[in-house]
Each structure stands twice: as C-alpha cells, then as structure tokens.
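Engineer: Provided herewith is a single structure, encoded as structure tokens, for subsequent inquiry.
The values are calculated or read from the model by the stated rules, or taken from the named source; none is laboratory data. Keep in mind that what you see is a predicted model, and the values were worked out from it rather than measured. Cβ: placed from backbone, ideal geometry, glycine included. Neighbour counts: every protein chain shown. Ligands, DNA and RNA are stripped out before the accessible areas are found, and what is left, the full protein with its side chains, is counted by its heavy atoms. Shrake-Rupley method; radii C 1.70, N 1.55, O 1.52, S 1.80 Å.
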Amino acid sequence: MNASGATPPVGSSPAYDAIVIGAGFGGLYALYHLRDEMGLSVRGFDGASDVGGTWWYNRYPGARVDAPSSPFYAYTFSQELVDEWVWPETQSTQADVLAYVEHVADKFDLRKDIQFDTFVTDARYDDDNQHWTIETDGGERATARFLICAIGALFVANMPDYTGIDDFAGDIYHTGRWPHEPVSFEGKRVGVIGTGSSGVQAIPQIAKTADHVTVLQRTPQYALPARNRPLPQEDLEQYREDWDDLRASMRYRGGWPFPTSKLQAADHTFEERQERYEEMWERGGMHLAINSFTGVYVDEELNEEIAEFVRGKIRDIVDDPETAQKLMPSYPFGTKRLILDNGYFETYNRDNVTLVDLRNDPIEAFTESSVRTVHGEHPIDVLVLATGFDAVSGSMLKLNPKGRGGVPLKEKWAERFDNHLGMTIAGYPNLFMIHGPGAPGVFFTMPLGAELQTAWIESCIRHLDEAGLGAMEATEDAEASWDAEINGIANRTLYPRTDSWYTGANIPGKPRQFLGHLMGSQYFNRLTEVAEAGFKDFVFEERR
Ligand code: NA7
C-alpha cells in the first residue's frame with residue numbers, strides 16, 4: 001500500500017512508519033512533519049469529511065477564536081505561510097480558521113495521505129512485531145511502528161441525559177456537532193443549555209432572528225468583551241517582519257508573544273487598581289486577566305477584586321437587576337476558561353431572551369414541545385446543547401487503544417489518566433498523544449504546542465533509530481511523578497477550586513484530576529531536557 005491510495009481491507013495490513021489519527025491542527029502538523037521533514041511513510045485518518053478538526057465540527061453561529069489574536073492562533077513553522085495568509089480580524093470566525101487550515105492542507109499537499117470519513121475503531125499494540133494495528137469503521141486495517149493520536153482535546157460531545165429529552169419533537173443541535181447546512185432560527189422558540197464559550201458566542205447570534213430564546217444556565221461565566229475588530233494590515237506586516245522573534249517569544253512566554261503585566265497590585269491603591277481594570281476592560285480580550293496585575297490566578301484577594309469588577313460590569317450592562325444577579329459568577333475569576341464575548345450580556349436586555357437559573361430552578365424533564373423546570377414550563381421548538389465536551393481525556397478513551405498484553409486504555413485510566421509528559425503512556429509503547437492530559441493544551445497556543453510536541457516525537461523516533469531500538473515507553477514511576485508535578489503546579493493556583501472541564505468536573509463520574517500543564521514554557525523546556533538526557537524515564541526494547 002502506498003500513501004496515495006485507499007487503505008486495503010482487513011487482512012492485507014499495509015505498513016507505515018506512522019499512523020496519525022486526526023486531521024485538525026495537531027494531526028495535520030504531525031503528518032507534515034513526519035512525512036516532509038523526516039521522510040517517513042505516514043497515513044492519516046479522520047472521521048470528518050475534511051481537514052480542520054474542531055474547526056470542522058464547531059460551526060455554530062458566532063463560533064470564533066477565543067485566543068487573544070488570530071495571527072498567533074496559527075502555525076508558526078513556515079515563514080512563507082505567515083507571509084501569504086491574511087487574517088482579516090483579531091478574533092477570526094470559524095469559517096476563516098477553517099479556510100486557513102484548508103489552505104495549509106493544499107499548500108503542503110496533505111490531503112492525499114489522509115483518509116477522511118473514516119473513524120479508527122480499534123488500535124492494538126502487537127508486542128511481537130513492535131507495531132500498532134488499527135482498524136477502521138470501513139473494515140480496513142493498517143499497521144505502523146508509531147501511533148500518533150491527535151484526536152482533539154475538545155471532541156467527545158457531552159450530551160446531557162435529561163428525563164424525556166428523547167421525547168422532544170423539535171430539532172436538537174449540539175454546538176460541537178453543528179450541521180453543515182444553514183440552521184434557521186427565524187420565528188422559532190429556542191432553548192439553549194450551556195453558557196460556556198460556545199453558548200456565550202452562539203446566544204447573541206441566535207437571539208437576532210429567533211422568536212424567543214430561553215437560556216438554561218447552570219453556572220454563570222466571566223465573559224470579557226472580545227473587542228474583535230478588523231486586524232490592521234500594518235500590524236500583520238509588522239508581525240511577518242518580526243516573525244522569528246515573535247515565534248521565540250511565544251515559545252518562552254506561555255504561547256503569547258507579548259509581555260504580560262509585572263505590576264504588583266499591592267503597590268497601587270484601590271482606586272489605581274480600578275482604573276487599571278477599567279483600562280484593560282476597554283482594551284478587551286484577555287487583557288484584564290493577563291495585563292492588569294501579576295498573580296491573578298494565585299492571589300485570592302486580587303482575584304476576588306477583579307471578579308467583583310466584572311460583576312459590576314454585568315450589573316451596569318444588564319438592565320434587569322434580577323437577571324444581572326443570576327448572571328454573576330461567584331467562583332474565582334478565570335478558573336473556568338475565560339470567555340471573550342461579542343455582546344453576550346447585552347443580549348439579556350432584549351425582549352426575546354429569558355434566563356433560567358438552573359441552580360434555583362433545575363430542569364425536571366422535557367416534553368414533546370417544552371422544557372419543564374421546577375418553577376415553570378418553557379415552550380421550545382429547537383434545543384441547542386452548548387454543553388461542552390468530555391475534554392482532553394475523552395477522545396483517547398473513546399479510541400480506547402489496547403496496549404501491551406491487550407490492556408484497554410479504559411482499564412488503565414479507570415481512576416486516573418496516568419501518563420508521562422502528557423504524551424506517552426506506560427504499557428502503550430510508541431504511542432504519542434498530541435494535547436493529551438497533562439500537556440499544556442488549551443493553556444498554551446495549541447498550533448504551536450502541537451509543533452513543539454511533534455518535534456519531541458521526532459527526537460524519540462531518531463533516538464530509537466540511531467540506537468537500533470524498536471520500542472519505547474514511559475515507566476509507571478515516571479507517570480506517578482508526572483502526575484504529582486502537574487497537580488503540584490495546579491494546586492499552587494486557584495484553578496482546582498472550581499468545577500470545570502479543566503478538572504473533569506463537568507462530566508458525571510469522571511475522575512477529578514487537573515487535565516493541563518499550566519506552565520507551557522516550562523513544559524517544553526522539560527521535553528527538551530528529557531530528550532537531551534537520553535530519555536531517562538523511559539524503557540527501551542531492541543528492535544526485533
Ligand atoms: P464548556 O465550556 O464545557 O461549557 C458547557 C456549558 O454547558 C457550561 O455552561 C456547563 O455548565 C453547561 N452544561 C453542561 N452539562 C450540563 C447539563 N447537564 N445541564 C446544564 N448545563 C450543562 O463547553 P463549550 O463548548 O462552551 O466550550 C469548550 C471550549 O471550547 C471552550 O473553553 C473554548 O476553549 C472552546 P457548568 O459550567 O458545567 O455548570
């Protein structure tokens with residue numbers, strides 16, 4: 001089987017150097033790097049019909065980049081790509097990001113080595129042959145020495161299991177599985193469950209045309225004004241010119257190329273601090289969180305002061321005091337993913353929007369044409385589930401690879417998502433995760449994070465090949481100390497105090513464990529050190 005044809009059916013098992021599952025930002029880069037930079041034979045698979053990963057699936061109205069600025073939520077590796085791509089806005093729409101990813105696929109001729117509309121249904125390590133065998137939902141099989149799982153930190157949709165939801169006769173849409181054909185809300189009564197990033201982006205858009213929107217909110221959010229605007233083309237030019245330096249800054253500054261505030265809150269009076277918050281609020285985006293004062297995520301008092309500042313803004317924006325009160329979060333600021341909004345709180349001043357606070361008025365059941373809460377019945381024609389994902393670990397568990405001795409990952413990860421460096425798993429040799437549990441993932445710029453993780457995969461493969469080795473895997477001891485390290489970092493912050501998808505608390509029954517490395521630059525230094533020290537936390541096998 002060569003890389004340009006279809007994968008043959010079970011039985012003939014074509015062999016590749018590497019199989020990459022996923023054709024989002026992470027998988028596309030891994031395919032490019034392993035194939036074009038390293039000269040390996042690589043086959044990609046994706047259940048979607050084209051490239052884009054999360055940007056292929058999440059097409060809900062209002063979907064946009066919620067990172068500080070689009071030019072930096074992009075690949076960094078190719079100056080040519082940076083020079084030719086024009087980002088029209090500071091926070092690109094889903095359509096613009098998808099167009100960019102499609103352009104990358106064309107430019108580097110990636111599609112020819114990816115089989116779309118194909119879910120990998122099984123992945124099994126073959127100890128004797130030191131390779132992975134995958135099977136697809138089309139009944140095909142392929143093998144490879146290395147299995148790269150770039151299957152998305154936000155992929156497995158969280159579908160709430162309310163009584164009677166199957167009886168609801170209207171259309172149900174999950175934001176993470178949005179249809180490709182346009183959805184009209186014209187004249188419809190729409191129920192929206194969920195006020196995370198997806199809900200907050202979608203609600204103002206839906207409210208523009210719907211007859212009525214009933215927002216069913218479980219937890220209020222700190223949403224900051226995105227202040228999205230056309231990206232001045234002279235800024236883009238400047239970024240292109242300075243790209244090498246900016247790229248290096250991103251690597252060493254936690255994914256973002258510009259310095260963050262070093263100001264100490266204690267050196268300023270209350271009034272001065274309020275002025276600064278005001279200034280950051282006006283600048284919009286993440287500035288309030290990263291540029292007001294240092295220590296927002298660790299200093300409880302400072303955090304509460306900013307939280308109260310945002311609550312004050314909600315009070316000012318929302319006309320009805322009772323609705324404003326329901327929209328005010330009480331957990332530490334920023335400990336659920338901060339949201340950049342475009343007119344979210346203002347939307348509650350519309351006559352056609354109602355907010356139901358599920359903490360005081362929980363959902364009891366759905367009927368054919370309504371959602372019934374303890375205190376009322378809300379007629380709806382359409383239900384939008386903006387209920388998020390079984391994040392970070394969910395897609396690996398769905399794939400459920402079988403490691404050494406046929407042990408399914410579901411068994412190994414029944415109580416904790418044990419792994420080393422967020423990329424490798426003891427008992428699963430030569431398997432690498434991109435943005436796995438314990439990697440910086442969403443706490444860093446994901447495209448650059450994927451590039452840096454892939455560079456580390458390259459160093460693993462080179463190490464094996466240069467030493468005539470066939471397989472490598474992390475030790476369980478390494479996993480235990482990695483777990484302690486990740487949680488040690490998280491526990492020095494306010495993040496673990498809040499129920500969120502960062503901690504797994506959004507999914508009933510999911511083990512509670514902090515799912516990301518909060519210090520991206522330190523993490524990537526660590527990857528380099530591990531490689532330079534000859535991968536001391538790993539065990540190796542001679543090549544058979
Ligand atoms: P999120 O951030 O996980 O938000 C999901 C929302 O849905 C959140 O408000 C949840 O409330 C709510 N939810 C989830 N399950 C239920 C049930 N059963 N009942 C009521 N409400 C529920 O997902 P998003 O898609 O918005 O964003 C994910 C990331 O994608 C985002 O951070 C960006 O990086 C892009 P909760 O807060 O759990 O009480």
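Engineer: Take the alpha-carbon centre of the range 152-212, take the same for the range 352-379, and report the distance between them in whole Å.
Structural biologist: A separation of 15 Å, based on Cα centres.
Engineer: In µm²/s, what is D for the range 99-257 at 25 °C and 0.890 mPa s, where D = kT/(6 pi eta Rh) by Stokes-Einstein and Rh is the Kirkwood radius from Cα pairs? Spell out each step's value before the answer.
Structural biologist: On the way: Rh = 21.2 Å.
For these conditions, the coefficient is 116 µm²/s.
Engineer: Can you give the net charge of the other residues whose Cβ lies under 15 Å from the Cβ of GLU377, counting K and R as +1 and D and E as -1?
Structural biologist: Overall, the nearby charge balance is -3.
Engineer: May I ask you to compute the full-extension gain from ILE172 to GLU377, defined as 0.36 nm times their residue separation minus their alpha-carbon distance, rounded to one decimal in nm?
Structural biologist: Between ILE172 and GLU377, full extension yields an extra 72.0 nm.
Engineer: From the convex hull of the Cα coordinates of the range 25-113, what is the mean projected area in square nanometres?
Structural biologist: On the way: hull surface 23.4 nm².
Result: 5.9 nm².
Engineer: Regarding the range 395-449, what's the average projected area of the Cα-atom convex hull, expressed in nm²?
Structural biologist: Over all viewing directions, the range 395-449 projects a mean Cα-hull area of 3.9 nm².
Engineer: Another question, if that's okay. Between ARG492 and ASP109, how high is the FRET efficiency from 1/(1 + (r/R0)^6) when r is the Cβ-Cβ distance and R₀ = 60 Å? Nearest 0.05. Show your work: numbers first, answer last.
Structural biologist: Details: r = 45 Å, r/R0 = 0.76.
Efficiency at R0 = 60 Å is approximately 0.85.
Engineer: Relative contact order for the range 379-501: what percent, with Cα pairs under 8 Å and sequence separation of 6 or more? Working shown, then result.
Structural biologist: On the way: 108 pairs, mean separation 30.2, N = 123.
That works out to 25 percent.
Engineer: Counting only pairs 8 or more residues apart or on different chains, how many lysine pairs in the range 326-449 have their Cα atoms under 14 Å apart?
Structural biologist: Working: LYS398/LYS410; LYS398/LYS412; LYS402/LYS410; LYS402/LYS412.
Close lysine pairs found across the range 326-449: 4.
Engineer: Let me ask you something else. Along the Cα→Cβ direction, 7 angstrom out, place labels at SER481 and ASP83. What is the inter-label distance in nm?
Structural biologist: About 4.5 nm separates the two model spin labels.
Engineer: Here's a follow-up. With contacts defined as alpha carbon pairs under 8 Å and 6 or more residues apart, what's the relative contact order of the chain in percent?
Structural biologist: 19
Engineer: Net charge near MET328: determine it from the other residues with C-beta under 9 Å of the C-beta of MET328, scoring Lys and Arg +1 and Asp and Glu -1.
Structural biologist: So the environment of MET328 carries a net charge of +3.
Engineer: Heavy-atom accessible area per residue, the chain, 1.4 Å probe: how many Å²?
Structural biologist: Working: 21490 Å² over 544 residues.
With all protein chains present, the chain gives 40 Å² per residue.
Engineer: Summing Lys, Arg as +1 and Asp, Glu as -1, what charge do residues with Cβ under 11 Å from the Cβ of PHE72 carry, PHE72 excluded?
Structural biologist: Net of charged neighbours comes to +2.
Engineer: Gap in Å between the Cα centre of the range 504-539 and the Cα centre of the range 236-293?
Structural biologist: After rounding, the separation between the Cα centres reads 26 Å.
Engineer: On each of the three principal axes of the Cα atoms of the range 96-145, give max minus min coordinate, whole Å, ordered largest first.
Structural biologist: Projected onto its principal axes, the Cα set of the range 96-145 covers 45, 21, 17 Å.
Engineer: Then there's this: On the first, second and third principal axes, largest extent first, how far apart are the outermost C-alpha atoms of the range 260-301 in Å?
Structural biologist: If we take the Cα atoms of the range 260-301, the spans are 23, 21, 16 Å.
Engineer: What distance in nm separates the two pseudo spin-label positions at ASP161 and ARG526, each 7 Å out from Cα along the beta-carbon direction?
Structural biologist: Spacing of the two 7 Å Cα→Cβ label points: 3.4 nm.
Engineer: Also, I was wondering about something else. Just need the relative contact order of the range 227-289 here, percent rounded to a whole number, with Cα pairs under 8 Å and 6+ apart.
Structural biologist: On the way: 23 pairs, mean separation 16.3, N = 63.
The value is 26 percent.
Engineer: Follow-up question, since we're still on this one. What would the Debye formula give as log10 I(q)/I(0) at q = 0.13, 0.23 Å⁻¹ for the alpha-carbon point model of the range 229-345, no solvent?
Structural biologist: Results for the range 229-345 at q = 0.13, 0.23 Å⁻¹ read -0.63, -1.36.
Engineer: Please quote Rg/Rh for the range 388-504 to two decimal places, taking the Kirkwood radius as Rh and restricting both calculations to Cα atoms.
Structural biologist: Answer for the range 388-504: 0.97.
Engineer: Hey, what D do you get for the chain in µm²/s if you plug the Kirkwood alpha-carbon radius into Stokes-Einstein at 25 °C and 0.890 mPa s? Could the numbers behind the result be given before it?
Structural biologist: Details: Rh = 24.4 Å.
Answer, rounded: 100 µm²/s.
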